[in-house]
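The values are calculated or read from the model by the stated rules, or taken from the named source; none is laboratory data. Because the structure is predicted, anything quoted here is derived from the model rather than measured. Backbone-built Cβ (ideal geometry, glycine too); neighbour counts: all protein chains shown.
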Amino acid sequence: MVTELKGNGLKRAADLFWGWDDTMIWSCLEGEMGRAYAVLRHEERKRKSLGEKPYIASAKLDIADFCFYGGEASEELVLHSKDIYEAGFKILVPQNRDWELLIERIYGDRAVRRVRYAFQKDRNCFSIEELVKMATRLEEGFSIEEIGERTFREAAGLPWACDWGGQFKGYRDYKNRGIGVAVRYKGELVAGASSYTVYSGGIEIQIDTRKDYRNRGLASSCGAALILKCLERGLYPSWDADNEISAHLARRLGYRFEREYPVYKIGLT
C-alpha cells in the first residue's frame, strides 16, 4: 500500500535518495515543498515482533512538474497518480534502470523519453564581474526589477510566466521564501527569472521569456541578476537544464556541466 510520508517519515526516506544531487529532492525531503509517498515493508524475520516499524522500501517525491523515484523499483508507486499525470503533465525521474523499465512498461508510448542536463553545485564557478556585465546588458527601453506583489500576481495570469511563483501558496509565501527578477518593456512583462522551488540552502532557477522577445539576451540578463541576488543572500542558485538551449545558457552564466540523465515526460500533446 502507498503511504504519504510526513515529519520523521521524510527523514527515514532520505537514505533512498542518498547521493542524488538534486535540489528538488532536498526541497521535498526537508518538507519545504511537494509531497512524498512510500511503500512500507516488514522484514520477514521480524514480522511478528511487537512494535516493529516497517522499513521504507521505495519512495517517490512529487514536487511541481517532477516526480522522483527511489529505492526498490515498485509497480505500485509508478501506478500511483498515473491517471492524474496522464491528464496533465509530469516529468518522471527514475533513479536507475529498474525504474526506467518499469515506467516504460506501465506507461508505454505515453512516456516520452528525454534527456536533461545536470550542472555542478559549486559557488566558486561564477565570475561576479561577468555576471554584473550580463545583468546590465539590456537594450534601450528595457528595465529589470525585483519581483514584487504586482509582478507576482501579473505573472500568475500569464501562461508563459506562471511557473515563477506557481509552487508557492501566495505572494506572502513567495516574499518570505522566494526570490526573482523580471524584465519589462513599455510596462509589459517580457522575461523573468525566479525561484521555481526552494530548499534550506537555495533555490532551483526558472527562466522564461515571452516568445516574441526571445534571442535578445533577456534570459542571460535575468539569470545573471538572479544569481547575483542569490549569492548576496547566501543562497545557491541551482540550475538543471531541460534542453540544449538552456544548457548553453547555463554555461555562459558560469555553471559547469556535470552529466546527462534520462527522464520521461507524461501528458505531452
For this session: Pull up segment 1-58, narrow it to residues that are touching a His at 6+ places or on another chain (Cβ under 8 Å) and assigned to a strand (DSSP E or B), then point me to the one that is modelled with the lowest pLDDT.
Result: 55
For this session: Assess whether residue 184 counts as being part of a loop (DSSP other than H, G, I, E, B), over 17 Å from the mean Cα position of the chain (by Cα) and not aliphatic (A, V, I, L, M).
Result: no
Problem set entry | Residue within segment 18-39 that is touching a strand residue (DSSP E or B) at 6+ places or on another chain (Cβ under 8 Å), under 27 Å from residue 257 (Cα atoms), among the acidic types (Asp, Glu) and surrounded by fewer than 16 Cβ atoms within 10 Å (Cβ to Cβ) present | yes
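Can you tell me which residues in segment 125-158 are among the acidic types (Asp, Glu), free of Cβ contacts under 8 Å to residues at least 40 places away in the same chain and either surrounded by fewer than 13 Cβ atoms within 10 Å (Cβ to Cβ) or farther than 24 Å from residue 170 by Cβ (or both)?
Of everything in segment 125-158, those that are among the acidic types (Asp, Glu), free of Cβ contacts under 8 Å to residues at least 40 places away in the same chain and either surrounded by fewer than 13 Cβ atoms within 10 Å (Cβ to Cβ) or farther than 24 Å from residue 170 by Cβ (or both) turn out to be 129, 140, 149.
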Exercise. Restricting the search to segment 59-99, which residues are assigned to a helix (DSSP H, G or I) and crowded, with 19+ Cβ neighbours inside 10 Å?
Worked result: 77, 78, 85, 99
For this session: Inspect all residues belonging to segment 229-240 and state whether any of them is of a type in the set (D, E, K, R) and touching a Leu at 6+ places or on another chain (Cβ under 9 Å).
Result: yes
Problem set entry | Pairs where the first residue, in segment 181-192, is in the same structural domain as residue 210 (by the TED database) and the second is of a type in the set (Phe, Trp, Tyr) and modelled with pLDDT of 95 or more, C-beta under 6 Å, 6+ apart | 183/142; 185/142; 190/213; 192/164
Exercise. Among the residues of segment 199-211, is any free of Cβ contacts under 8 Å to residues at least 24 places away in the same chain and either of a type outside the set (S, T, N, Q) or assigned to a loop (DSSP other than H, G, I, E, B) (or both)?
Worked result: no
Exercise. Given the residues 175, 169, which is the only one that is more than 17 Å from the chain's Cα centre (by Cα) and more than 25 Å from residue 134 (Cβ to Cβ)?
Worked result: 175
Seminar exercise, completed: If we ask which residues in segment 251-269 are within 23 Å of residue 67 (Cβ to Cβ) and either in contact (Cβ under 8 Å) with a residue 40 or more places away in the chain or basic (Lys, Arg) (or both), their number turns out to be 11
